[in-house]
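Beneath this line is the structure, given in structure tokens, with notes to follow.
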Amino acid sequence: MAAPTRNHDLVLFGATGFVGELIAGYLAHHAPPDLRVGLAGRSRAKLEDVRSRLPVAAHDWAIIEADTGDPDSLAAMATGTRVLFTTVGPYAKYGLPVVEACARAGTHYGDLTGEVSFVREAIDRWGALANTTGARIVHACGYDSVPSDLAVLLLHQAAQADGEGRLTEVQLVARAKGGFSGGTIESMRGQLDGIRTDPALRSLAGDPYSLSPDRTAEPATRQPPDLGWVGRSDEGPWAAPFIMASANTRIVRRSNALQGWAYGRSLRYGEVMGMGRGPVGAVTAGATALGLRLFGAALALPITRKMLDRVLPSPGAGPSEAARRSGWFHSQVTASTVSGQRYRAIAAGPGDPGYAATAVMAGETALSLALDGDRLPSATGSLTPATALGNILVERLREAGHTYEVTSLASSVP
């Protein structure tokens with residue numbers, strides 16, 4: 001069979017959505033002039049409207065009509081490009097046909113999902129095919145879960161370079177200024193509905209190794225809880241549950257397993273949200289934990305969900321440019337090794353993490369898949385940011401103004 005004709009180097013599917021248009025804007029400013037970019041979605045008129053608002057460099061980008069309910073349109077879109085990045089969510093509802101189209105076409109794929117059940121199903125259904133066709137299927141390429149995944153990779157590399165052995169205890173303390181997108185809220189609704197009605201999804205959500213490539217080979221190491229945790233972080237400040245921990249931790253553990261558990265067979269990895277020091281920090285941590293629990297309960301119940309729907313952002317909505325610019329994220333990750341040596345990694349950047357910063361992460365992921373070729377790790381199939389892009393993405397994000405650094409700390413061994 002003849003190889004498909006690739007008329008495009010990179011297609012952004014979902015370009016008319018709020019985050020999709022932000023990513024399109026980032027690409028318009030940073031893609032090389034000769035990169036063949038296409039904007040894809042259901043409505044040609046809306047795509048043309050988005051394109052008209054982009055910088056002049058994007059005004060000759062192709063317009064591609066495609067719909068997740070039309071397999072032929074997805075196949076045509078996937079076979080016509082080398083890289084497809086999709087923002088069309090919730091991914092559990094709309095994402096699997098896109099993954100299938102890319103896996104069949106040998107087209108590299110990226111998304112912004114934080115939906116663990118979707119990633120698991122995509123792995124099980126299309127991971128082997130993608131490996132055969134040479135496609136890199138890369139999930140969680142935004143604030144879910146790039147900072148977490150790349151920071152732990154760098155900690156591992158630092159410990160190995162120093163001869164300090166594998167990682168044992170690793171904790172990420174997140175601080176950020178930003179808001180939730182309507183798409184994120186919609187994804188949370190879908191996941192809560194699935195967990196409530198499907199015992200298999202409920203079991204999957206509770207399994208810390210739910211994204212492992214070989215669940216039976218995972219160690220019996222007890223992992224930190226994702227939610228319900230209030231106390232002091234490893235660095236001293238009070239901490240509360242981090243709402244993204246349930247997705248990020250599983251991506252990091254998958255990265256470890258995909259590399260033959262190179263980080264450490266007994267790795268314990270957890271994430272919390274930093275709340276400050278002293279009595280104020282303790283009260284804030286407790287209030288945040290309670291608020292998250294009440295919010296999850298209210299979102300899960302139909303009667304209270306209707307009330308929340310009146311005030312929560314709807315899919316496609318988002319904050320103003322000024323609000324996006326004023327946001328930031330800062331993830332501090334501390335690690336101990338089998339030798340007792342300790343390290344600290346910082347992953348940080350400007351911009352609302354769910355919007356401005358995510359547009360940078362997604363844009364650089366897409367550009368790396370399209371441009372970096374043989375510089376990338378050789379792995380194919382269902383991957384993570386660390387295993388698909390690794391240090392190449394770190395370099396790109398540093399050049400884009402994000403911080404990724406590792407410092408050696410005092411040993412914990414006297």
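The values are calculated or read from the model by the stated rules, or taken from the named source; none is laboratory data. In this text, all values refer to a predicted model and were calculated from it rather than measured experimentally. Please note: Cβ atoms are built from the backbone with ideal geometry, for glycine as well, and neighbour counts cover all protein chains shown. Remember, those area values only see protein heavy atoms, side chains included, never the ligands or the DNA or RNA. Shrake-Rupley method; radii C 1.70, N 1.55, O 1.52, S 1.80 Å.
Report the gain in length on full extension from Val338 to Lys177: 0.36 nm times residue separation, minus Cα-Cα distance, nm rounded to one decimal. Walk me through the numbers on the way to the answer.
Numbers: separation 161, 0.36 × 161 = 57.96 nm, distance 3.46 nm.
Contour length minus the Cα-Cα distance gives 54.5 nm.
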- Under 15 Å from Lys46, Cα to Cα: aspartates and glutamates that are on another chain or at least 8 residues apart: Glu21, Glu65, Asp67
- Query: How many nm is it between the label spots at Thr132 and Leu96, if each spot is 7 Å from the Cα in line with the beta carbon?
  - Reply: 1.9
- Message: Please report the spacing between the Cα centers of region 80-109 and region 1-59 in Å, no decimals.
- Response: 15
- What is the extension gain from Asp124 to Ala62, computed as 0.36 nm multiplied by their sequence separation minus the C-alpha to C-alpha distance, in nm to one decimal? 19.0 nm
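For Leu227 and Ser408, what does the FRET efficiency come to when R0 = 35 Å and r is the distance between their Cβ atoms, rounded to the nearest 0.05? Numbers along the way, then the final one.
Numbers: r = 32 Å, r/R0 = 0.91.
E between Leu227 and Ser408, to the nearest 0.05, is 0.65.
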- Query: What do you get when you divide the Cα radius of gyration of region 4-126 by 2.2 N^0.38 Å, with N the number of residues?
  - Reply: 0.99
- Extended-chain gain in nm, criterion 0.36 nm per residue less alpha-carbon gap, Arg44 and Asp162: 37.1 nm
- Calculate, for Ser266 and Asp372, the FRET efficiency according to 1/(1 + (r/R0)^6) with r their C-beta to C-beta distance and R0 51 Å; round to the nearest 0.05. 0.95
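Using a Förster distance of 25 angstrom, determine the FRET efficiency expected from the C-beta separation of Asp34 and Asp72, and round it to 0.05. Could the numbers behind the result be given before it?
Working: r = 30 Å, r/R0 = 1.18.
Working from the Cβ atoms, E equals 0.25.
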- So which lysines pass the test for Lys177, namely a Cα distance under 30 Å, with those fewer than 8 places away in the same chain ruled out? Lys93, Lys306
- Query: Counting only the heavy atoms of the protein chains, how much of Thr304 is accessible to a 1.4 Å probe, in Å² to the nearest 10?
  - Reply: 40
